[in-house]
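Structure record follows, encoded as C-alpha cells.
What follows is calculated from the coordinates using simple rules that are stated; it is not laboratory data. Predicted model, so just to flag it, every value in this text is computed and none were measured. As a convention, Cβ positions derive from the backbone with ideal geometry for all residues, glycine included, and neighbour counts pool all protein chains shown.
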Amino acid sequence: MKYKEGDKVIVSTNKGEVSGIVMPSKRTVVIKLESGYNTGIKKSNVRGLKVVRRATPVKKKVKKVGFKKGLPTVVILSTGGTISSRVDYATGAVHASLDASDLVGAMPELKEIANIECKGILNKMSEDIKPGDWVKIAKAVYREAKRKDVSGVVVTHGTDTMHYTSAALSFMLEDLNKPVVLTGSQRSSDRGSSDARMNLVCSVIAATSDIAEVVVCMHGTTDDAYCSVHRGTKVRKMHTSRRDAFQSINESQIAMIRPDGKIEHTNRYRKRAERVVKLKIGIESQVALIYVHPGMNPDLIDWYVKKGYKGLVLMATGLGHVPSELLRGIKNAVKRGVTVCLAPQCISGRLNPLVYSNGRKLIKAGALPLEDMLPETAYVKLMWSLGQDKPKLMLENLRGEIVECIDPKVFESP
Ligand code: ASP
C-alpha cells in the first residue's frame, strides 16, 4: 500500500470503505473526507488501500512577495494548527504550513493592508505545544518585534491552547511597543465555512493598529461581521467548534475589527510608545494546574510535592474553596516552599475566599488567591514568575491579568 500525502485513496477496513485525501500523519492513516472532516484509521486496521488519484507535486514557492512603498510591514509567524493545514482539492496537494507566497497568493487582500513577511517556526497542533515551544515562539516574536521597520507581528496558532500561548507571550515580552496578534481558525481553509481568511485579514489589520499588547484576534460572531481583539491574559476558548469560540472573561474585548479595516475600540489598552521590548523567557516547568473536584484524592498534593513540583495552581470551587481534606497537604506544600495559588474554577467572577471558613483556612495555610485571574493564565504566570525567581509577582497585576473592577454587564451580555 504505497501512498503519499495528497493522494486520493479508498481505504478498506473490516467496517467498510472510506475515500478521501491522505493528510500528514505518522502513526495512523488520516483521510480528509468529502465533508471536509478528517478521520483517522489505525494502520493495523487497514485491510486494503487503493490510490485512485495521485497528488500533484506542490508548485515551487514564489520567494518574493510584492512590496508596496508606504505600507506598514507585518511579519506572520506560523506555528501550526488548523489554520496551517490546507488541502488543494483541485490538485490534491497537501500544504502542511503557510508561507508568504501561499498566503498572499490565496489572500490578495493582505497585500493591500501591509507588506507581508512570513516565517514558519513550528508545525504543531496546539494540543501538542509544550512550554518550551512558548519560549521558541517568544524568541521568534522578539526578533521581529525589535525591528524598527516592523509594524506588528501575527502568530498563527492552533486554537485549542492559543490562550496559554497568548498568556505566555504576554509575560515573556515586557515593555512591548507594538501589536503581537495570535490567530487561528476553527475550520480549515479548504472548507467553505472557514474562518481562516477573515481572522487573518483582521489580525493583519490589528498588527498595524496602535494596540501595543499581546492579543488574540478571532471571529466575534458566527457570521463574518467582525473579529474581536482580546487581551492575551484575559481570553479563553469557550466553545469546542463555534467560529466565535474565543471570549474575553471579566472584561470586554479590546476592539472589534471589520475586514474592511474599521477598528472600534471597546476597552482600555496600552498604546504604542517609545519603549524597548525585553525578552524574559525563564520558566519553571515543575508547575501543575489542578482541577479541584468532589471526591478527589487528597494525597495528590503530597504526590506533587514528592515529585519536586515548585508551584501548584488549584482551580478552586466557588469563591475559592477546596475540599477540607486537602488543607493538610496544602499546608505541608507551602511549608516546603511550594507556591500554592487559587484560581476560579467558575471562570467568570472574582475569588473571595474570606467569606467562608474553608477559604479562610486556606489563606491561613499560605495559599495565594489570585482574584479573577484565569486558571490557564495563572498556570503560565506561575511558571514564569518562578522562572524569574519572583513568586510574589503572582499577586501583582502585570499584563492586565487581574481586572480591578469587573463590570457586571460583561457577564450578562453575549
Ligand atoms: N486541535 C487544533 C489545534 O489546536 C484545533 C485548531 O487549530 O483549531 O491545533
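Taking the fewest neighbouring Cβ atoms within 10 Å as the starting point, the ordered list for VAL180, VAL201 is VAL201, VAL180. Among the trypsin sites (Lys or Arg not before Pro) within segment 332-414, those in coil by DSSP and having at most 15 neighbouring Cβ atoms inside 10 Å are ARG336. Put in order of Cβ neighbour count within 10 Å, fewest first, the listed residues THR183, THR13 become THR13, THR183. Dipole orientation for the chain: of the candidates LEU342, SER203, ILE137, ILE137 has the Cα lying most toward the positive pole (charges on Cβ; Lys, Arg +1; Asp, Glu -1). Among VAL204, VAL334, VAL11, sorting on how many other beta-carbon atoms sit within 10 Å of each Cβ, with the fewest leading, yields VAL334, VAL11, VAL204. Computed over the chain, the per-residue total of -39500 (n - 2.57) for DSSP H runs of n ≥ 4 gives a 222 nm mean residue ellipticity of -6000 deg cm²/dmol, rounded to 500.
Considering only chymotrypsin sites (Phe, Trp or Tyr not before Pro) in DSSP loops that have at most 16 other Cβ atoms within 10 Å, the longest stretch of the chain without any of them is 90-355. Taking a straight Cα-Cα cut-off under 24 Å and skipping sequence neighbours fewer than 8 places away in the same chain, the lysines within cross-link reach of LYS307 are LYS130, LYS331, LYS335, LYS381, LYS390, LYS392. What you get for the chain, charging only the Cβ of Lys and Arg (+1) and of Asp and Glu (-1), is a dipole of about 1460 debye around the Cα centre. Of the GluC sites (Glu not before Pro) found in segment 373-414, the ones in coil according to DSSP and having at most 12 other Cβ atoms within 10 Å of their Cβ are GLU396, GLU404. Computed on the chain, with alpha-carbon pairs under 8 angstrom and 6+ residues apart, the relative contact order is 11 percent. When you work out D = kT/(6 pi eta Rh) for the chain at 25 °C and 0.890 mPa s, using the Kirkwood radius from C-alpha pairs as Rh and the Stokes-Einstein form, the result is 108 µm²/s.
Under a Gaussian network description of the chain, with springs only between Cα atoms under 10 Å, the residue in LYS271, LYS130, LYS15 that fluctuates furthest is LYS15.
The trypsin sites (Lys or Arg not before Pro) of segment 143-221 that DSSP puts in a loop, and whose beta carbon has at most 10 other beta carbons within 10 Å, are LYS148.
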